[in-house]
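Visitor: Quick one: this structure, given as structure tokens, is what I'll be asking you about.
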Amino acid sequence: MKRIKNILITNAIALNGGDAAILHATIEILKAQFGDDITITVHDMAAKASSRYYPAITFRGDIYSEAVTWARGRVRPAIAAIAVLAVAGLMRIAPGNRLTARLSPSLCATLDDYLKADVVVSSGGTYLVPHYALASKLLDFLTAHLLGKPLVLFTQSLGPFRAIEHRALLRYVLRRAALILVRDERSRSYLGDLGVPPARVQLCADAVFSLARHDLPRGRFPPPHQNWRIAISVRDWPHFQGGAQNGMERYYTSLVALVCELTERWRAEVTFISTCQGTPEYWTDDSRIAEKIVERLPQALRDRVTIDRNFRNPDQLIADLATYDLTIATRLHAAILSLCAGTPVLPISYEFKTTELFRRFGLGGATIDVEGISPHAILAAFDAASAFWSAQSEEAWSKVAAAQRSAFDAGRFVARALERKVSEPLPRARGNVFQGRD
């Protein structure tokens with residue numbers, strides 16, 4: 001295998017704090033595997049804004065956004081995407097072909113990033129699922145394919161694909177990926193249903209576990225006590241099966257009941273803090289959802305509740321979450337960053353990725369599905385989580401340490417995937433996803 005010098009990371013959304021944590025973790029894992037001197041370029045749909053928050057990272061606009069901007073007033077986005085793919089196909093044969101002159105300078109620069117890359121790494125996360133549009137991802141994957149670049153999908157939760165838009169095209173590109181890293185067995189089974197060869201798929205812990213502190217707790221977690229410091233991460237969820245309005249109303253009512261219990265019974269200090277806040281350029285801000293919950297609290301309890309609206313980078317979030325006794329997390333990466341900080345978690349699951357993760361930690365009985373959320377369910381889950389962390393915290397922290405090792409395994413699997421021939425299987429990890437490296 002030739003030495004890896006240039007890596008292109010695509011499909012990043014660094015204005016989302018969870019995705020920013022994935023991006024930082026991915027960069028650390030790749031540098032740990034390929035060396036600190038590698039050049040990494042990141043394609044982000046909000047590249048200019050992301051650069052302001054993370055100036056140490058080289059951002060450029062993603063190919064779909066650049067194509068749409070170039071096409072505006074000329075042709076429809078779909079025609080623009082086809083034109084970009086045609087140019088990409090010709091660039092592989094003749095890098096200096098005249099068609100590139102018809103594109104905008106920024107779109108040409110974006111295409112040039114693919115041409116220079118030794119490997120294209122699609123950022124980890126959850127975006128290949130039925131309720132998200134796939135056009136931008138497909139354009140990225142197809143561009144890498146047409147330019148002959150190995151495509152790696154970093155740790156994902158994805159599927160199911162039966163009713164997904166552009167299923168046949170997605171099947172085409174995923175079957176040709178050099179490697180797809182998944183966070184759970186359900187995602188692996190969905191890829192199998194799509195016809196992706198098992199040799200191209202590897203199970204690893206979420207990349208963000210690589211950021212875990214080395215001084216994780218060792219002792220038992222104390223039971224609920226007076227003057228707890230509780231962090232709560234909330235979010236808007238427009239995909240409730242019974243409709244967003246009814247679903248969010250149940251969500252608000254349940255969180256109000258929980259905050260009342262925490263502040264009245266335990267005299268807890270509650271802070272609403274999340275991974276999506278403090279970046280006005282992003283489409284959502286979780287502190288607005290927190291406001292709707294706090295507005296419903298009895299006036300006498302509000303002085304024990306704070307809404308934190310500040311931006312924090314992933315390292316700052318870990319440092320801050322380490323100061324709390326417990327995090328009640330709807331955002332998956334608020335939960336993972338809390339574990340990385342050594343803070344116990346009560347998870348609220350809005351997608352199967354959260355359920356699958358915390359089942360492996362043994363917290364399945366204390367994980368609330370938003371579809372079944374109610375005041376009774378959330379209070380029962382709080383009691384179950386308190387009992388779990390009081391009795392099984394030592395085992396849980398050992399699993400966080402194992403998840404950290406598993407996250408770093410991703411770099412090794414990428415290196416092996418780039419070395420092997422197409423017909424050769426990837427090495428299997430020993431034990432489960434939260435057990436050590438071979």
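Visitor: Using Cα atoms only, what is the angle between the long axis of helix 17-34 and the major principal axis of the chain, expressed in degrees (0 to 90) to the nearest 10?
Guide: Once rounded, the angle reads 60 degrees.
Visitor: Moving on to the next point. List the trypsin sites (Lys or Arg not before Pro) within segment 1-80 that fall in a DSSP loop (any state other than H, G, I, E or B) and whose Cβ has at most 16 other Cβ atoms within 10 Å. Show your work: numbers first, answer last.
Guide: Numbers: sites: K2, R3, K5, K31, K48, R52, R60, R72, R74; in loops: K2, R3, K5, R72, R74.
The qualifying sites are K2, R3, K5, R72, R74.
Visitor: Same structure, new question: Rounded to whole Hz and in sequence order, give me ³J(HN,Hα) for segment 301-312 from the Karplus expression 6.51 cos²θ - 1.76 cosθ + 1.60, θ = phi - 60°, writing x for Gly and Pro.
Guide: 9, 5, 6, 9, 10, 10, 9, 8, 10, 7, 6, 9
Visitor: Still on this model: For a protection proxy built on the mean count of beta-carbon atoms within 10 angstrom, sort 278-284, 404-410, 384-390 highest first, please. Present the calculation step by step, with values, prior to reporting the outcome.
Guide: Details: 278-284: 14.4, 404-410: 23.9, 384-390: 18.7.
Peptide ranking by packing, descending: 404-410, 384-390, 278-284.
Visitor: Let me confirm the definition first: pairs of Lys residues in segment 6-203, 8 or more apart or on different chains, C-alpha distance under 21 Å. How many are there?
Guide: Details: K31/K116; K31/K149; K48/K137; K116/K137; K116/K149; K137/K149.
Close lysine pairs under the 21 Å cut-off: 6.
Visitor: Name all residues of segment 296-321 having a backbone nitrogen under 17 Å from the label point set 7 Å from the Cα of E264 along its Cα→Cβ direction, giving them as ranges.
Guide: Residues 296-305 fall inside that zone.
Visitor: Applying the Karplus parametrisation 6.51 cos²θ - 1.76 cosθ + 1.60 with θ = phi - 60° to the phi angles of segment 324-332, what ³J(HN,Hα) value in whole Hz is obtained for each residue in order, glycine and proline being reported as x?
Guide: These are the phi-based 3J(HN,Hα) values: 9, 7, 7, 10, 9, 10, 8, 5, 4 Hz.
Visitor: Check which residues have an amide H placed less than 5 Å from T58's amide H, if you skip close sequence neighbours.
Guide: V42
Visitor: Calculate, for T39 and A401, the FRET efficiency according to 1/(1 + (r/R0)^6) with r their C-beta to C-beta distance and R0 35 Å; round to the nearest 0.05. Spell out each step's value before the answer.
Guide: Details: r = 31 Å, r/R0 = 0.90.
Efficiency, from the Cβ-Cβ distance: 0.65.
Visitor: While we're here: Which entry in (1) 32.3, 138; (2) 25.8, 87; (3) 22.2, 72 matches Rg and Dmax of the Cα atoms in Å derived from the coordinates of this structure?
Guide: The value matching this structure is (3).
Visitor: Using r as the Cβ-Cβ distance of L216 and R175, and R0 as 30 Å, what FRET efficiency do you calculate, to the nearest 0.05?
Guide: Numbers: r = 39 Å, r/R0 = 1.30.
With R0 = 30 Å, the Cβ-Cβ based efficiency is 0.15.
Visitor: Counting other Cβ atoms within 10 Å, which chymotrypsin sites (Phe, Trp or Tyr not before Pro) in segment 30-88 have at most 12 and lie in a DSSP loop?
Guide: On the way: sites: F34, Y53, F59, Y64, W70; in loops: none.
Nothing satisfies the criteria.
Visitor: Give the relative contact order (percent, whole number) for segment 6-203; include only Cα pairs under 8 Å separated by 6+ residues. If you can, show how the numbers build up before the last one.
Guide: On the way: 321 pairs, mean separation 38.4, N = 198.
Result for segment 6-203 is 19 percent.
Visitor: Where the centre of each part is set by its Cα atoms, how far does segment 333-403 sit from segment 3-19, in angstrom?
Guide: With segment 333-403 and segment 3-19 each reduced to a Cα centre, they are spaced 28 Å.
Visitor: So for each of 308-315, 136-143, 396-403 I average, over its residues, the number of other beta carbons within 10 Å; can you give me the resulting order with the highest mean first? Walk me through the intermediate numbers first.
Guide: Values: 308-315: 15.8, 136-143: 23.0, 396-403: 19.9.
The packing order, highest mean first, is 136-143, 396-403, 308-315.
Visitor: Can you pull the semi-axes for segment 229-401, root of five times each eigenvalue of the Cα gyration tensor, sorted largest first, whole Å?
Guide: Numbers: eigenvalues 94, 69, 61 Å².
Output for segment 229-401: semi-axes of 22, 19, 18 Å.
Visitor: Zone of R52 (label point 7 Å along Cα→Cβ, backbone N under 20 Å): which residues in segment 259-291?
Guide: Correct set: 275-288.
Visitor: Quick check on segment 1-106: take the gyration tensor over C-alpha atoms, sort the square-rooted eigenvalues as a ≥ b ≥ c, and tell me if it's rounded (a/c under 1.5), prolate or oblate. Could the numbers behind the result be given before it?
Guide: Numbers: a/c = 2.69, a/b = 1.43, b/c = 1.88.
Cα axes put segment 1-106 in the oblate bin.
Visitor: Can you give the extra length, in nm with one decimal, that the chain gains between T323 and C108 once fully stretched, where that is 0.36 nm per residue apart less the Cα-Cα distance?
Guide: Details: separation 215, 0.36 × 215 = 77.40 nm, distance 4.65 nm.
Contour length minus Cα-Cα distance gives 72.8 nm.
Visitor: Then there is this: Just grab the label-to-label distance for S374 and R309, each label 7 Å out from Cα along the Cβ direction, in nm (one decimal).
Guide: Using points 7 Å along Cα→Cβ, the separation is 3.6 nm.
Visitor: For Cα pairs less than 8 Å apart in space and 6+ apart in sequence, what is the mean separation divided by the residue count of the chain, i.e. the relative contact order in percent? Walk me through the numbers before you get to the answer.
Guide: Working: 810 pairs, mean separation 72.7, N = 438.
That works out to 17 percent.
Visitor: Still on this structure, please answer the following. Can you tell me the FRET efficiency between N227 and D193 if r is taken as the Cβ-Cβ distance and R0 is 51 Å, rounded to the nearest 0.05? Write out the running numbers ahead of the final one.
Guide: Details: r = 50 Å, r/R0 = 0.98.
Step by step, r from the Cβ atoms, then E = 0.50.
Visitor: Place the peptides 157-163, 328-334, 372-378, 268-274 in order of packing, highest mean first, counting for every residue the other Cβ atoms within 10 Å and averaging per peptide.
Guide: The most tightly packed comes first, giving 328-334, 268-274, 157-163, 372-378.
Read-outs throughout are calculated quantities, based only on the coordinates presented, and are distinct from any laboratory measurement. Note that the structure is a prediction, hence the values are computed from the model and not measured. Note: ideal-geometry Cβ built from the backbone for every residue, glycine included; neighbour counts use all protein chains shown.
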